[in-house]
Every structure is written in structure tokens, then in C-alpha cells.
Amino acid sequence: MYHTYFTLLFPSLIAAAATYLSIKFAVPYMLESGVTAIDHNKKANPTLPSGIGVAAAFGFTIGILVYAFGGSFSIYTPVASIVALFAVSLSVLMVSLVGFLDDINVKGSLVKTTDMMDTRKGMEQWQKPLIAVIGAIPLIAINAGISDITLPFVGVVNFGIFYPLIIIPLAVVFTSNAFNLLGGFDGISSGTGAILAVALLIYSIFYGNYIGALISGVLSATLLVFLMFNLYPAKIIPGDSFTYFVGTALVSAMIVGNMEMFGVIIFIPWIVEFFLHASKKFKVTDLGKLGKDGKFTPPYGKKVYSWTHLIMNLKRCREWEVSMYMWGISLFFVAVGFGAKLLGII
């Protein structure tokens with residue numbers, strides 16, 4: 001028992017420290033390099049450092065490597081597969097770099113991006129899923145996860161070779177891109193990401209999956225530190241490098257931790273978000289119209305193309321309130337996931 005908790009806690013603490021130091025280093029570097037974005041949710045439209053997601057991905061990777069170091073040098077007998085952990089780390093770094101390419105595409109003047117003017121142009125929408133598929137390659141290469149999946153009301157289904165060659169790449173591409181769709185408000189992506197990571201950690205501990213607990217524990221520590229810098233009023237803009245990193249880390253934990261169906265349930269808000277955006281061909285923003293009183297109204301009137309539009313239609317909110325309501329929605333689906341597990345549905 002001591003070994004189990006120590007090898008979960010120590011890498012998580014190291015990941016937290018590495019993330020904090022990395023962010024402190026990255027912020028002035030991004031500012032000096034011009035990797036910035038406009039915070040449209042503030043009256044003054046301040047320019048903040050962006051692309052800080054690479055610092056979070058670095059901190060997460062350091063935490064995973066600390067566990068691998070301890071196992072390789074016989075400080076303890078590793079329970080988790082070192083090969084699987086290296087594959088997850090590589091997937092996370094590769095996808096985060098794809099997001100960073102989007103973050104550093106900053107123009108010298110304002111350009112039109114998703115119904116607003118900004119200095120950050122980014123990649124074309126169709127390019128992102130095509131490039132993100134490279135993040136699935138390490139997981140495919142090691143044949144990660146187990147092809148037996150328990151489907152609700154059906155039972156165990158073996159997907160065989162289709163699991164590593166079809167399901168894994170589709171899951172990585174979809175999850176990383178879908179998580180990227182909901183991140184326009186301070187703390188909304190970092191907060192909901194932390195909620196999902198902690199949910200996966202609790203699920204792994206209760207149902208005996210050590211590698212799932214390790215990955216989600218390190219991810220939880222990383223995101224909680226990141227949240228300190230991204231809470232309202234945010235000091236940083238996470239950027240696509242962050243949302244792509246979080247989406248890939250979450251789906252990696254689900255795959256190697258054999259938590260696919262639980263993961264699908266808690267990820268339902270982003271599945272819904274994907275189809276809402278798709279209804280307008282992804283040419284939509286989740287931001288609102290900022291009023292003089294500091295509250296937001298929906299950008300498309302009664303039309304809803306995002307969870308944030310629904311929230312703003314129900315109530316005129318301040319920025320931090322929009323994020324808090326989204327946290328609540330995320331917590332609701334986490335509760336549904338645990339309920340489904342307790343009832344034996346998944």
C-alpha cells in the first residue's frame with residue numbers, strides 16, 4: 001500500500017513543481033517572442049502570453065519520467081508499463097507541438113478569425129485533425145490498451161485489430177480537437193480538464209487500474225497548477241498547445257487505463273460541443289458579447305452553437321460565472337459516469 005501511494009504521489013508532486021517552474025519561465029519568453037493573443041473578454045482587450053500549454057505538457061512529461069526513472073534504477077519495482085508511459089508521453093508532446101504551431105502563427109496586424117479580429121491567425125480548421133493524428137502513432141505502435149470494451153446494455157465486445165488501427169487514432173484526433181473547441185473563458189478549459197483528470201484518478205483507484213491512476217494523477221497535479229495561472233483574471237492564455245495536450249492526455253489515460261466507456265460518458269459535454277460547432281461548419285466562437293456592466297450576452301442571439309451560448313441565454317453572466325457553470329455541467333456528467341459504473345451499466 002505504501003509503495004502504491006508513494007509512486008502515485010511523488011511523480012505528481014514533481015509534475016506540479018515542474019509545471020509551475022516551466023510556466024514562470026515560459027511567460028516572459030512568450031511575451032518577448034510575440035507569442036501572444038488578445039483577451040477579448042476584458043474591456044481593455046489586454047494582450048497576454050499564449051502557447052503556455054507546452055509548459056504544462058513539459059511538466060506532465062517530467063512527472064511520468066520520474067516514475068520511469070525510479071523503476072529503471074530499482075528504487076521500486078514498477079507496476080505500470082514503462083513502454084506504455086513513454087508512448088503516452090510521446091503522444092502528448094507531439095500533439096502539444098501541433099497546437100503550438102497554431103499558437104505561434106501570430107500576425108503583425110489584426111486578422112479575421114472565427115467571427116472576430118485577432119492577431120493570432122492559427123492553422124486552418126481542416127488542418128488540425130490531419131496533423132493531430134500523428135499523436136496516435138506512439139499508442140498504435142505499442143498496441144496500447146485492451147481491445148475488449150464493455151458496451152452499455154451489450155456487454156463485452158472485442159474489437160480486435162480495429163482497436164489499435166481505427167479506434168485509437170479516431171479517439172485521439174476527436175478528443176484533442178473537441179476539447180480545443182471550448183476554451184474561450186478564463187479557467188474554463190483548465191478547470192474542466194482538472195475535473196475530468198481527477199475523475200479518472202478516482203475511478204482508477206477504486207477499480208484497481210494502477211497505470212490509469214498514475215497518468216491521471218500526474219495530469220491532475222499538472223492541471224491544478226496550471227489553473228492557478230488561468231483563473232479569472234487569467235495571467236495567461238492557454239492556447240491550442242494546452243487544449244490539445246489535455247485532450248490527448250485524457251484519452252491516453254482512458255485507453256491505457258481501460259476506462260473507455262467511463263471516459264466517453266464524462267466527455268459527453270465536448271461531444272455535444274463538437275456537434276454544436278459542426279452545425280455551423282466550425283465557423284463559430286464560444287465567446288459572448290461583453291456589456292458595459294461586465295456581463296455577457298450570447299453572440300448569435302437565441303441560436304446555440306456552444307454550451308457557453310446556452311449558459312448566456314439562460315442568464316447574463318460575468319466571465320468567471322460562465323466557467324463555473326461549465327464546471328458544474330462537467331461535474332454532472334462525472335456523476336453520471338460513476339452512477340453508470342455503480343449500476344453495472346458500464
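Could you list, in sequence order, the residues of the stretch 27-53 that are surrounded by fewer than 24 Cβ atoms within 10 Å (Cβ to Cβ) and farther than 23 Å from residue 319 by Cα?
Within the stretch 27-53, 28, 29, 31, 32, 33, 34, 35 meet the criteria.
Can you tell which of 64, 14, 23 is part of a helix (DSSP H, G or I), at negative phi and in contact with a Phe, Trp or Tyr (Cβ under 7 Å, 6 or more places away or on another chain)?
The match here is 23.
If residue 285 satisfies every condition in (1) surrounded by 24 or more Cβ atoms within 10 Å (Cβ to Cβ); (2) within 20 Å of residue 48 (Cβ to Cβ); (3) of a type in the set (Ser, Thr, Tyr) but one, which is the exception?
With respect to (1) surrounded by 24 or more Cβ atoms within 10 Å (Cβ to Cβ); (2) within 20 Å of residue 48 (Cβ to Cβ); (3) of a type in the set (Ser, Thr, Tyr), residue 285 is out only on (1).
Which number in (1) out of contact with any helix residue (DSSP H, G or I) (no Cβ under 7 Å at 6 or more places or on another chain); (2) part of a loop (DSSP other than H, G, I, E, B); (3) of a type outside the set (D, E, K, R) marks the one condition that residue 300 misses?
Looking at each condition in turn, residue 300 falls short on (1).
How do the pairs read when you match residues in the stretch 56-82 that are touching a residue at least 60 places away in the same chain (Cβ under 8 Å) and more than 30 Å from residue 236 (Cβ to Cβ) with residues anywhere that are of a type in the set (A, V, I, L, M) and assigned to a loop (DSSP other than H, G, I, E, B), using Cβ under 9 Å and keeping only pairs 6 or more apart or on different chains?
81/142
Pick out the one residue from 270, 327 that is surrounded by fewer than 23 Cβ atoms within 10 Å (Cβ to Cβ), part of a helix (DSSP H, G or I), at pLDDT 95 or above and not β-branched (Val, Ile, Thr). Walk me through it before giving the result.
Details: 270 fails: surrounded by fewer than 23 Cβ atoms within 10 Å (Cβ to Cβ).
None of the others qualify; the one that does is 327.
Let's see how each residue does on (1) of a type outside the set (A, V, I, L, M); (2) in contact with a Lys or Arg (Cβ under 9 Å, 6 or more places away or on another chain); (3) closer than 18 Å to residue 16 by Cβ; (4) surrounded by 23 or more Cβ atoms within 10 Å (Cβ to Cβ):
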{"residue": "175", "(1), (2), (3), (4)": "yes, no, no, yes"}
{"residue": "178", "(1), (2), (3), (4)": "no, no, no, no"}
{"residue": "184", "(1), (2), (3), (4)": "yes, no, no, no"}
{"residue": "195", "(1), (2), (3), (4)": "no, no, yes, no"}
{"residue": "201", "(1), (2), (3), (4)": "no, no, yes, yes"}
{"residue": "208", "(1), (2), (3), (4)": "yes, no, no, no"}
{"residue": "211", "(1), (2), (3), (4)": "no, no, no, no"}
{"residue": "215", "(1), (2), (3), (4)": "no, no, yes, yes"}
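When only residues in the stretch 73-104 that are surrounded by fewer than 16 Cβ atoms within 10 Å (Cβ to Cβ) and not in a helix (DSSP H, G or I) count, which is modelled with the highest pLDDT?
Checking each candidate, the answer is 79.
So the check is Cβ under 6 Å with 6+ separation or different chains; which pairs have a first residue in the stretch 137-155 that's in a strand (DSSP E or B) and a second one that's exposed (fewer than 15 other Cβ atoms within 10 Å of the Cβ)?
Going by the 6 Å Cβ cut-off, the qualifying pairs are 148/156; 148/158; 149/157; 150/156; 151/157.
Take residue 291 and tell me if it is of a type in the set (Gly, Ala, Ser) and either surrounded by fewer than 17 Cβ atoms within 10 Å (Cβ to Cβ) or closer than 16 Å to residue 195 by Cα (or both). Full working, then the answer.
Values: of a type in the set (Gly, Ala, Ser): yes; either surrounded by fewer than 17 Cβ atoms within 10 Å (Cβ to Cβ) or closer than 16 Å to residue 195 by Cα (or both): yes.
Considered against the rule, which asks whether it is of a type in the set (Gly, Ala, Ser) and either surrounded by fewer than 17 Cβ atoms within 10 Å (Cβ to Cβ) or closer than 16 Å to residue 195 by Cα (or both), residue 291 comes out as yes.
Suppose the filter is within 19 Å of residue 80 (Cβ to Cβ), in a helix (DSSP H, G or I) and hydrophobic (A, V, I, L, M, F, W, C); does residue 197 pass it?
In short, yes.
The values are calculated or read from the model by the stated rules, or taken from the named source; none is laboratory data. Computed from a predicted model, the values in this text were never measured in an experiment. Using ideal geometry, Cβ is built from the backbone for each residue, glycine included, and neighbour counts are taken over all protein chains shown.
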